[in-house]
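Here's the structure, in structure tokens; my notes come after.
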Amino acid sequence: MSQRLQPGDAAPDFTLPDADGNKVSLAGHRGRKVIVYFYPAALTPGCTKQACDFTDNLELLAGQGYDVIGISPDKPEKLAKYREKESLKVTLVGDPDKETMQAYGAFGEKKLYGKTVTGVIRSTVIVDEEGKVERALYNVKATGHVAKLIKDLGLASE
């Protein structure tokens, strides 16, 4: 079981390929806050709902100094298809070796329909401008998560 991150931990750096095969690294976002979210698979209903919610709120998040990076075990070709099909604006990167997911505690045992399986644990880690973990949320729900995150971060416009 991979170790879960705690606030104050140094966020593990990563360099992974995006949907276009370009390298995206956490270090490349120093000076901005980064919402790193882990999801099981592109082109699936729950993951699509979550990615669309992040895309719909990207302007608000970016305006508040947050970049958003979605990480799944998918290869760049599948991510590109996913981005086009769903008109996604968030940065999607692939971690087929699952090394980054394990470093973030986002891969391991989880309950799925009452059975214990090993897989991607839907998680969101908020990294501050210096690369430290501000919040680490595990086993989040795909639906409603982005709205809750915006509210919890005090970014809601109401």
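For this structure, a couple of remarks:
- Verdict on residue 82 being farther than 16 Å from residue 150 by Cβ and either modelled with pLDDT of 95 or more or aromatic (Phe, Trp, Tyr) (or both): yes
- Residue match in the stretch 109-121 (condition: surrounded by fewer than 22 Cβ atoms within 10 Å (Cβ to Cβ) and touching a Leu at 6+ places or on another chain (Cβ under 6 Å)): no
- Residue check for residue 67: closer than 22 Å to residue 10 by Cα and either part of a loop (DSSP other than H, G, I, E, B) or among the basic types (Lys, Arg) (or both): no
- Filter pass, residue 75 being open to solvent by 80 Å² or more (accessible area, probe 1.4 Å), touching a helix residue (DSSP H, G or I) at 6+ places or on another chain (Cβ under 9 Å) and modelled with pLDDT of 95 or more: no
- Looking across the stretch 9-23, just one residue is in a strand (DSSP E or B), of a type in the set (A, V, I, L, M) and either within 11 Å of residue 100 (Cα to Cα) or open to solvent by less than 20 Å² (accessible area, probe 1.4 Å) (or both), and that is 16.
- From the list 133, 127, the one residue that fits, being buried (at least 19 other Cβ atoms within 10 Å of the Cβ), on the phi < 0 side of the Ramachandran plot and within 13 Å of the chain's Cα centre (by Cα), is 127.
- Answer residue from the stretch 107-153, given it is in a helix (DSSP H, G or I) and free of Cβ contacts under 8 Å to residues at least 40 places away in the same chain and is farthest from residue 5 (Cα to Cα) among those: 151
The values are calculated or read from the model by the stated rules, or taken from the named source; none is laboratory data. Every value quoted in this text rests on a predicted model; they were computed, and no experiment measured them. Positions of Cβ are generated from backbone atoms using ideal geometry, with glycine treated the same way; all protein chains shown enter the neighbour counts. We work out accessible area using only protein heavy atoms, side chains counted, and drop any ligands, DNA or RNA first. Shrake-Rupley method; radii C 1.70, N 1.55, O 1.52, S 1.80 Å.
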